[in-house]
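Notes for the one structure printed next.
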Protein chains: 2
Amino acid sequence: METDLIRRCIDAGLKMTDQRRIVLKVIDDADDHPSVDTVHQRARTVDGTISIATVYRTLNVLDELNLVRRHEFNDKLSRFETNLDQHHHVIDVDGGDVHEFQDSRLETLIESIASELGYELVDHKLELYGRRKSS
Amino acid sequence: METDLIRRCIDAGLKMTDQRRIVLKVIDDADDHPSVDTVHQRARTVDGTISIATVYRTLNVLDELNLVRRHEFNDKLSRFETNLDQHHHVIDVDGGDVHEFQDSRLETLIESIASELGYELVDHKLELYGRRKSS
DNA sequence: ATAGGTGCAAATTCTTTGCTATTAA
DNA sequence: TTAATAGCAAAGAATTTGCACCTAT
């Protein structure tokens, strides 16, 4: 098994240890925005000996390589996501649920705003805080 | 002196102590995005005995009252801003400078996207990460 | 063979909190 | 007068790191 994420790590010159492979799989499989602790717990179900330090180190490396994005939504925990194309979020201010979405109008607008301001866009984060409409 | 921020705090039922007044002034005067520690240092230049605990407590109250917004840009420090109308930021990925901007097209689009998704917008944050164009 | 990675525990860093004394309202 | 707030120091929580051992390349 050679996921895209694994390949990118190898290309970046990282050693592919068992622990790293497990953390990468957890991250790759996640369709939510897990905290470090959650990633650790999930990794433990595969290998009970994997340490939280390794999880921290791995996530930090992935962050540096821009293979994951780090967020802090309502709480103060670091939360991670791999799906780098859909970085728009609606956070429910009541429940705290995080819902992802994608919108091309937004992409286009953001791109041109950055350009107008004299910047070449590298990445971006948009977080909408809202309340479910009852209607 | 009765700044708007002070007025809002009083209206919210907070006691206006000397320390609080100083922290509010620091926040109000800031045109950057100071960390808790920076706010503390600035407050100290006015009153050398003000404690960091008080700064934390004051900023937390302001955050709860939505009189400041809490950010975490490139570093992992909480950073604060009072200017709640201009919550769009470009972060220079090289220098780390944070530049604020305002864009009505964006406001409008975000508002309608939230609505389309079934949310009533309460607040939002947009962070663009970019690199200065040399051209 | 060896540069890089791991686990563990200790150390750091940031933030909160219990307590007693103080003070704005 | 009294409920809220301050300062201090201790406690907590999240994250990083030094070190001795291990392993992918």
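The numbers here are math on the coordinates, done by the rules we state, and not lab data. Keep in mind that what you see is a predicted model, and the values were worked out from it rather than measured. Note that each Cβ is placed from the backbone with ideal geometry, even for glycine, and that neighbours are counted across all protein chains shown.
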Query raised in the report: Quick one: how many lysine pairs in the protein assembly as shown have C-alpha atoms under 23 angstrom apart, if they're 8 or more apart or on different chains?
Result: 10
**Report entry** Assigned charges on the beta-carbon of Lys, Arg, Asp, Glu; the protein assembly as shown dipole about Cα centre (debye)
**Finding:** 900 debye
Requested in this report: Quickly rank A:6-14, B:11-19 as a protection proxy: mean count of other C-beta atoms within 10 Å, highest first.
Outcome: A:6-14, B:11-19
Query raised in the report: A:Asp85 label points, 7 Å along Cα→Cβ, one per copy: pairwise distances from this copy to the rest in nm, shortest first?
Result: 3.9
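Summing -39500 (n - 2.57) over the DSSP H runs of n ≥ 4 in chain A and dividing by its residue number, what mean residue ellipticity at 222 nm do you reach, to the nearest 500 deg cm²/dmol?
Working: 5 runs with 55 residues, N = 135.
Counting only the DSSP helices, I get -12500 deg cm²/dmol.
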Requested in this report: Specify which residue in the list A:His124, B:Leu126, B:Thr49 is farthest towards the positive end of the charge dipole of the protein assembly as shown, using unit charges on the beta carbon of Lys, Arg (+1) and Asp, Glu (-1), about the Cα centre.
Outcome: B:Thr49
**Report entry** Inter-copy spacing of A:Gly118 label points, which lie 7 Å from Cα along Cα→Cβ, given in nm from shortest upward
**Finding:** 4.5
Query raised in the report: Peptide A:108-119: average number of partner chain Cβ atoms within 10 Å per residue?
Result: 5
Report summary line: Sorting from shortest, the nanometre distances separating the label point of B:Asp18 (7 Å past Cα along the line to Cβ) from those of the same residue in the other copies are 6.4
Report summary line: Around B:Gln19 (Cβ within 12 Å, Cβ-to-Cβ, excluding B:Gln19; K/R +1, D/E -1) the net charge comes to +4
Report summary line: With +1 at each Lys and Arg Cβ and -1 at each Asp and Glu Cβ, the charge dipole magnitude of chain B around its Cα centre, to the nearest 20 debye, comes out at 480 debye
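Under the Kirkwood approximation applied to all pairs of distinct alpha-carbon atoms, what is the hydrodynamic radius of chain A in Å? Provide the component values of the computation, followed by the final result.
Details: mean 1/r = 0.0607 Å⁻¹.
It works out to 16.5 Å.
First select every other residue whose beta carbon is under 11 angstrom from the beta carbon of A:Glu2; then total the charges, Lys and Arg +1, Asp and Glu -1. Kindly include the intermediate steps, with their values, before the conclusion.
Numbers: positive: A:Arg7, A:Arg8, A:Arg21; negative: A:Asp4.
Taking every other residue near A:Glu2 into account, the sum is +2.
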